[in-house]
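Student: Following this message is one structure expressed as structure tokens.
The values are calculated or read from the model by the stated rules, or taken from the named source; none is laboratory data. It should be emphasised that the depicted structure is a prediction, and the values quoted were computed from it without experimental measurement. Neighbour counts run over all protein chains shown; Cβ positions are idealised from the backbone, glycine included. Note: accessible area is taken over every heavy atom of the protein model, side chains too, but ligands, DNA and RNA are not part of it. Shrake-Rupley method; radii C 1.70, N 1.55, O 1.52, S 1.80 Å.
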Amino acid sequence: MTSGGGTVVVVVGVDDAGTELTRFDLAHGADPEETLAASGLVGARLVAVGAHAEPHVVELRYRVEGAGPQGSGSPGGSSGVVRRTVVRDADLHRAPDEEAYVFQRVAVYAVLRSDRGLLLTQMSDRTNARGRWGLAGGGLDAGEEPEAALHREVWEESGQRVDRLQPWRVTTSHWVGRAPSGRLEDFHAVRVVYAAWCAEPTEPVVHDVGGTTQASAWFAATELEGLPLVTSWSSLLADLPD
């Protein structure tokens, strides 16, 4: 699936020996783990994230179990694609001839910890979640490597350096509504989340002034309860990696 930014997301399932069991482009609105499971490949664990620039492809490699389809192609055919439930703005109004812009956005985020706690960022009024807190990160630039994007985004949003990181989870959501710009979008979010460590934490500073982040801060685990969180991060922050 080609995103509005020109990125293709490829999902690969491999066994213990690294033998490729399946490879497919992630369809618009689909979830990689749910689609793998629908084809008989279960226990998906994200083990690597790679990319190449031209064309811009992001590859999500999963360790899986089971006897799924061999080789390339969508697992199980089109019926095997599992699409997320579409969330629509409750007050959405559209002109009779208005077409939604189909957009798949690939972004990277960090569960960034340090001796000072967990780093979170607060959304600005340029988003639909002003004042809420979530993970540091953001969308990939054209041709950008995911890890490079993560280092860049964390620095822009908090001034922190990432010293080590490990792919952890991919979350997805599918939404139809109006972006802050007013554009009607059929929006598929693909969020690659890394577990990360900051060896020398400092007082967070937002360098990308005027962007989607208005503040950033370190939080102790005990401070997360009751914190207004971005909806897409609520369940994930309740199940953080060790």
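Student: If packing is taken as the average number of other Cβ atoms within 10 Å across a peptide's residues, how do 128-136, 195-203, 221-229 rank, most packed first?
Tutor: In decreasing order of mean packing, 128-136, 195-203, 221-229 become 128-136, 195-203, 221-229.
Student: Quick one: which of 172-185, 51-64, 108-121 comes out on top by average Cβ neighbours within 10 Å, and what's the full order, highest first?
Tutor: Put in order of decreasing packing, that is 108-121, 51-64, 172-185.
Student: Ok, one more. Take the solvent-accessible surface of the protein heavy atoms, probe 1.4 Å, and return the percent of it on the chain that carbon and sulfur atoms account for.
Tutor: It is 48 percent, rounded to a whole number.
Student: Quick one: 3J(HN,Hα) in Hz for the stretch 39-50, Karplus 6.51/-1.76/1.60 with θ = phi - 60°, rounded, Gly and Pro as x.
Tutor: Computed from phi, the couplings for the stretch 39-50 are 8, x, 9, 10, x, 4, 10, 5, 10, 7, 10, x Hz.
Student: Once amide H atoms are placed 1.01 Å from N in the peptide plane, what residues at a sequence separation of 5 or more from residue 229, or on another chain, have their amide H within under 5 Å of its amide H?
Tutor: 133
Student: How big is the chain by the Kirkwood estimate over distinct Cα pairs, in Å?
Tutor: Working: mean 1/r = 0.0532 Å⁻¹.
Averaging 1/r across every pair of different Cα atoms and inverting gives 18.8 Å.
Student: Give a residue-ordered list of calculated ³J(HN,Hα) values for the stretch 148-162 (Karplus: 6.51 cos²θ - 1.76 cosθ + 1.60, θ = phi - 60°; whole Hz; x for Gly, Pro).
Tutor: 5, 5, 5, 4, 5, 5, 4, 5, 5, 8, 8, x, 9, 9, 9
Student: Can I ask one more? Quick one: 3J(HN,Hα) in Hz for the stretch 93-100, Karplus 6.51/-1.76/1.60 with θ = phi - 60°, rounded, Gly and Pro as x.
Tutor: Karplus-based 3J(HN,Hα) across the stretch 93-100 equals 10, 9, 5, x, 9, 7, 9, 6 Hz.
Student: Hey, another quick one. Taking H placed 1.01 Å from N in the peptide plane, check which residues at least 5 places from residue 48 or on another chain put their amide H under 5 Å from its amide H.
Tutor: So residue 48 has HN proximity to 61.
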